[in-house]
Every structure is written in C-alpha cells, then in structure tokens.
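The values are calculated or read from the model by the stated rules, or taken from the named source; none is laboratory data. Note that the structure is a prediction, hence the values are computed from the model and not measured. Cβ placement follows ideal geometry from the backbone for every residue including glycine, while neighbour counts extend to all protein chains displayed. Just so you know, the surface numbers come from the protein's heavy atoms only, side chains and all, with ligands and any DNA or RNA stripped out. Shrake-Rupley method; radii C 1.70, N 1.55, O 1.52, S 1.80 Å.
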Amino acid sequence: MSVGMSRPRETRAAVTRAGRGPDGTGVQAHDGGPGAEGTAADPVTAVDPDDLPDGLVIADEQGTVVCFNSAAARITAVPRTAALGRPLELALPLEDLKGRRWWTLTDPYGGLATRIGQPERNLLLPGGREVLVSARYVREHPTGPVRRLVVTLRGTEARRRTERSHAELIATVAHELRSPLTSVKGFTATLLAKWERFTDDQKRLMLETVDADADRVTRLIAELLDISRIDSGRLELRRQPVDLSAAVERHIQALTANGQAPDRFLVRTRQPLPAVWADPDKVDQVLGNLLENAVRHGEGTVTIEVAPAPSKSDEKGTAVTVSDEGPGIPEESMGRVFTRFWRGSKRGGTGLGLYIVKGIVEAHGGTITVGRGPGGGAEFRFILPVGAPAYLA
C-alpha cells in the first residue's frame, strides 16, 4: 500500500457483498448481514453496476479496486482495465481544490475507527477534471477495520447547469427590477422636492407611472415565489369548482376594456363541460399568461376553445386551446418554450411566464402542449382533470 492507506492485518480473497471480483463481474446488492436472504442470482437483489447512473468504485480491505463500473470509466476517463486490481489511490488519484492528495488526507483505512464515510465534495483528477465524490466505509462492526470502501462519482455538469440557471435568474431579476425601481425612485424624489412646481395633471401622470411600476415589481416578486414553490414541489392549490368558460370570458372582457378590439377574440365552447375542481387564482394566472402572449406576440384573431377533454380510461377533464394567426413558434424552439427565460420575441418579459404556467398545470395533474394552430400561429393547449374531492366521487 502507498501513503495514507495502511493495510489491515486481516485479508480476504474476493468481495462477496455489493462488489465485483477481480475480473469485474458479479455484484450483490444486499448487505449479507445476519438474517439476510437472497443470492446474487436473485433478480430482486442482484444489480449490475453498469446499470447504475452514477460512477461506482469499490475497493477491498486491502485498498485494491475490485469494481469500476462503466459510469465511473466515463466520468473519470480512466479505462476499467486500467483501474481494476490497482491500489485505489493510483486508480483514482484524487486531489482537493488546494492540490492535496485526498486519499492521504482522509486515510480511510488507517483513520478513526468511528468514521463511516465522506460526504459529497468537489474533487479533481489529473488534468483538472472535476468530479463529485462521496465515500462509505463498510465495517463488519462499528469500530472494526474497513472491509470495503464504496466510492460514488458524479459529473459536475448537472450542478453547473443548476448554478448557471440560478445565476441567470438573479441577473434577470436584477435587470427587471432596476427599471421600475429607478422610475419609482426618480418620480417620488422629484415630487417630494418640487411638489409645488407641478400641475395636478403632471402629478397625476407621475403617480400613475409610479403605480404601474409598483405593480410590475409586485408581479415579478410573485413570479419568483411561484418558481420557488414549483421547483420545491410546494405549490399549494385551493381547489373549488371552476367554470373555465366563464373564466375565459372574464379575461377577454378585461383585455377589451384595456383597448383590445372585441372582434379580435373568438370563443368556442362545447357543452356539456365536466365540473372541474381547481384553484381559481392559479387558473386565472394560466389563462392570463396565455391570452397575453397571444395578444402581444401573435397576430390576427385569437381563438379560444373550451371543450371536454378526450377521456383516458375513466378520467374526465376540460381542454382549453388558445391559438393566434401570427408567425408562430419556430420548430427548433418548440422544445424550449416551457423552460426558464425562453422568450418568443424581444418585446419584453422575463421569460418566466410559460415555465410557471406549465408548473401550475402539472400541479393540477394536467398537461400542456404547444404546436402550430390552424391559422399558422402558436397554439397552446392545456387539459385540467376534473380533480373532484374523494367525498364527491
């Protein structure tokens, strides 16, 4: 053995639990402790390490690598044949971010007998390749020698994507907040300093601008809260009977009251509609976002169809389709429409609305799709199941 990994006095010819033999074959998933049942041939307990999504490296009690699955070879760029049968610190020469040799630093075989492993951390392989590494020290009794060292490896790509997504979210929020807050601060400071110099009409204009910008900040904060709840699975729904046809009519009336031509909207409702139980506020959020997108980014007539959804088995629901006659969404962008920060055009917006819409629909147990409408524009279709409480079933 090399430095940092002292060899126990007891030896063992082959791994019999959760590991491969020196030829790289034969793994058994159960612990094999007292009372354990099943064998490596048992389809319930037998696991091929190459089926695991993460890298798996197992060293025996002497620190020799006896298992090196295909994911480990892919993540480390070390061929399996070059790792099996070699000392662990040579097959997997890890260093921490300060350049210290990790196996020497942690000393799994010669360190404290009470340790059970190492939590996941970011380590480096020769050449600067980053990997996420965690380890478990397997002992036959709590303070006995390490009989097996199980190491899991993961690439850093998924974590880096998450970090980039968070950084993009922060940058987007900072950008979107800066403009309205600058306006609010500028107008309020001006009014406070020079109140007597402005006419009533000028004061009203500035206060209306402040009010609109405050609403914009409020909407952005609400979007951030929704994203947080969707990502963490904590989006709360307060279900009650919802008339989707009436909800559509309310949104169209609001749009026409704000200056849209009434003849731009065409509503088709197919009766009878099932009684849908949903969160009315969240449904309004979905409809408002889809209709606003159709008005802002689409052209021509905006068609809204509300109809019973095609039943799958015994489940019923209602489908709402919103389509326009604009240029539509390019085919290459269809798969990214419901991701964060996707924008169909450069006409404003945070790019978070459709991501939230998808999260709300799926929280209700529904589905949402995007395609090309009959008029050539974008077509969004979401389906909400009935979702009635159990006591009404």
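Rounded to the nearest 0.05, what FRET efficiency is calculated for Arg101 and Arg372 with R0 set to 56 Å and r the Cβ-Cβ distance?
Here the calculated transfer efficiency is 0.45.
As an exercise, use a Förster radius of 41 Å and the Cβ-Cβ distance of Ala222 and Ser134 to find the FRET efficiency, rounded to the nearest 0.05.
That pair, Ala222 with Ser134, gives E of 0.60.
Within 10 Å of each candidate Cβ there may be at most 16 other Cβ atoms; applying that plus a DSSP loop requirement, which GluC sites (Glu not before Pro) in segment 125-186 survive?
Counting only loop positions with at most 16 other Cβ atoms within 10 Å, the GluC sites (Glu not before Pro) in segment 125-186 are Glu140.
Kindly report, to the nearest 10 Å², the accessible surface of His166 as traced by a 1.4 Å probe over protein heavy atoms only.
Around 100 Å² of this residue is reachable by solvent.
Ranking request for peptides 276-284, 330-338: highest mean number of other beta-carbon atoms within 10 Å first, then the rest in descending order.
The packing order, highest mean first, is 276-284, 330-338.
For Cα pairs less than 8 Å apart in space and 6+ apart in sequence, what is the mean separation divided by the residue count of segment 248-334, i.e. the relative contact order in percent?
Once divided by the residue count of segment 248-334, the mean separation gives 31 percent.
Based on the Cβ-Cβ distance of Arg178 and Asp284, what FRET efficiency does E = 1/(1 + (r/R0)^6) give at R0 = 22 Å, to the nearest 0.05?
0.20
By how many nm would the segment from Ala212 to Val267 lengthen if fully extended, with 0.36 nm per residue of separation less the alpha-carbon distance?
Contour length minus Cα-Cα distance gives 16.8 nm.
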